[in-house]
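Structure, as structure tokens:
The values are calculated or read from the model by the stated rules, or taken from the named source; none is laboratory data. These numbers come from a predicted model, not from an experiment. Heavy atoms of the whole protein, side chains included, go into the accessibility calculation; ligands, DNA and RNA do not. Shrake-Rupley method; radii C 1.70, N 1.55, O 1.52, S 1.80 Å.
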Amino acid sequence: MSWLWLTVGAFVLALVGQAVLVHQFKRRHAIVALVGIGVPIGLGLVALLFANYSIDRSIAGTLLYAFACEVWMFILSVTFSSFAAKLMLLLRQRPLTLVEIDRLSDHRTIIQDRMNWLADIGAAIKQDGLLVPTGGGRRLTAAFAACRSFFGHD
């Protein structure tokens, strides 16, 4: 099997695994599911590539898999957080009046959606009228801070 087909197959397997996990938990954990299933598949891919192919093809396959996963995560995050994407998905179901669109674009509604999403992925919980980070939320924040520091965005 070609290194390229092996890489494409690993990515397709990661997408199928992500879909299974998302449907199993019936929550909006698409990115978490992709990371959870994509990392082990990616590590297996790396092991297979480096054991069976030249260094240049192994690196190319590894980078291609990482790039494909990153593009997919970007697409997922845009559809979850973009108001325009949300609006287009709603318009696909039925036409909306301008009043309905105004109500959807209310900042409070958008912020509430984001707060619900944080609670849904387990990064924060609503407690006594407050939004409080969970242990996972604190780890996520630490990862964000590390990335910001690494890329010089302190």
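Some points to look at:
- The chain, relative contact order in percent, only Cα pairs under 8 angstrom and at least six apart counted: 18
- Heavy atoms of Val46 accessible to a 1.4 Å probe, total area in Å² rounded to 10: 50
- Equivalent-ellipsoid semi-axes for region 1-88 (Cα gyration tensor, √(5λ), whole Å, largest first): 28, 14, 9.
- Of Glu100, Glu70, the residue with the largest accessible area leads and the full order is Glu70, Glu100 (1.4 Å probe).
- Using a probe of 1.4 Å on the protein chains alone, the accessible area found for Phe151 is around 140 Å².
- Cα gyration tensor shape for region 1-40, rounded if a/c is under 1.5, else prolate or oblate: prolate
- Most to least accessible of Tyr65, Tyr53 (protein chains only, probe 1.4 Å): Tyr53, Tyr65
- The C-alpha atoms of the chain define a longest principal axis, and helix 30-52 lies at about 10 degrees to it.
- The GNM of the chain, with springs linking C-alpha atoms under 10 angstrom apart, assigns the highest mean-square fluctuation among Thr141, Thr109, Thr97 to Thr97.
- GNM top mover of Ala142, Ala84, Ala119 - the chain, alpha-carbon springs below 10 Å: Ala142
- Dividing the radius of gyration of the alpha carbons in region 102-154 by their Kirkwood radius gives 1.10 for Rg/Rh.
- Diagonalising the gyration tensor over the Cα atoms of the chain and scaling each eigenvalue by 5 before taking the square root yields semi-axes of 35, 21, 15 Å, largest first.
- Centre-to-centre, using Cα atoms only, region 65-110 and region 21-63 are separated by 27 Å.
- For Lys126, the solvent-accessible surface computed with a 1.4 Å probe is close to 110 Å², ligands and nucleic acids excluded.
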